[in-house]
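What follows is a short report on a single structure.
Bear in mind these aren't lab numbers, they're just calculated from the coordinates by the rules spelled out. Because the structure is predicted, anything quoted here is derived from the model rather than measured. Here the Cβ positions follow ideal geometry from the backbone for every residue, glycine too, while neighbour counts run over all protein chains shown.
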Amino acid sequence: MGEPSAVLVEETAGGAGVSSVLVRDKPARGLPAGLVRTARPRQWVKNGLVLAAPFAAGRLLSLRDSVQLTVVLVLFTACASAVYLINDARDADADRAHPVKRQRPVACGQVPVGAAYAAGALLAVAAPATAVVVCNADTAGLLAGYVVMQLAYCVWLKHMLVVDLVIVTTGFLMRAMAGGVALGIGLSRWFLITSGFCALFMVAAKRYSELVLVSGQSGEGGDIGATRALLGEYTSGYLRFVWQLAAGVGVLAYCLWAMETGGTASGLLPWRQLSMVPFILSVLRYAVFADAGSAGAPEDVLLRDRALVVIGLAWGALYVLAAVNR
């Protein structure tokens, strides 16, 4: 086995001088683990939105549909991982100068840049191609469109004010659409509006929290622009306006959707209308973290706040009852 290579990283400590830090690559046997880490397993929970449309349509009870959705979930995860791999390969040099990002597998040398590009390209091509065979052409087109859009974001669109928010939001909306497209479910206008604005709510709240955090650090010598390319171009007031507007529209759209489709002919309780209560509570609860500037990691907020978990389970139970008794 050959000797591991090394990467020389130069850091500036408070402007006082330059010190060199030697970061050694891990042995080649660490490559698979490094590729998995670069694919961001913690972010895979977002791809659960693929189940949103089938869940709303009550299509999760069929074994055939469940198998198909599992395949779509895996394919969407592959597309998202492809974007992370290519993004980290492209930003490797910049990440080596970042106090946190330099620990990423590509930046620290555990994963060679070429290997990250190759793995990302393979996943980006293989996932839509597989969708053509095991799903349908529409699903393949959606997956390919997602990859192209996200790569354009990494290279160019993340530097465009407001457009960056729209692109990230659209990525979440495409996740929510994927399951319905794969199963041939008609996506209602209320579903799309609710999904889109709730996604914008979380994206804007995340940016707002990042800005609040970095603004506090900037008084201690931090750099607002070091975290995200456009973060310093936004004001906290603007981002607060965006997430508050998005939350309001999302709640209104869900209520209109529930009122339009709620109720049953059998005289049972209007489960879908009742689901408005936990839905509104969940938005209000999440807004507490957004307002406090602590919604910078949505997956942590959603999974670690017990109240949100309980509210989410209550909403899910009511929605399942609505689907079963429709």
- prompt: At what distance in nm do the modelled label points of LEU252 and ASN136 sit from each other, each positioned 7 Å from its Cα along Cα→Cβ?
  reply: 3.3 nm
task: Enumerate the calculated ³J(HN,Hα) couplings along the range 38-46 in order (Karplus 6.51 cos²θ - 1.76 cosθ + 1.60, θ = phi - 60°), each rounded to whole Hz, writing x wherever the residue is Gly or Pro.
output: 5, 6, 6, x, 4, 7, 5, 4, 4
task: Pop out the ³J(HN,Hα) list for the range 122-135 in order, Karplus 6.51 cos²θ - 1.76 cosθ + 1.60 with θ = phi - 60°, rounded to Hz; leave Gly and Pro as x.
output: 4, 5, 5, 8, 5, 5, x, 5, 5, 4, 4, 7, 9, 10
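For the range 64-106, give the magnitude of the charge dipole about the Cα centre (Cβ charges: +1 Lys/Arg, -1 Asp/Glu; no others), in debye to the nearest 20.
Values: 6 positive and 5 negative charges, 21 e Å.
In debye, rounded to 20, the range 64-106 gives about 100.
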task: Work from the charge dipole of the range 31-184 (Cβ charges, +1 for Lys and Arg, -1 for Asp and Glu, about the Cα centre) and give the residue of TYR117, PRO54, LEU35 farthest towards its positive end.
output: LEU35
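Rounded to the nearest 20 debye, what is the charge dipole size of the range 31-184 about its Cα centre when +1 sits on each Lys and Arg Cβ and -1 on each Asp and Glu Cβ? Before the final figure, lay out the partial values.
Working: 13 positive and 7 negative charges, 74 e Å.
Taking the Cα centre of the range 31-184 as origin, the dipole is about 360 debye.
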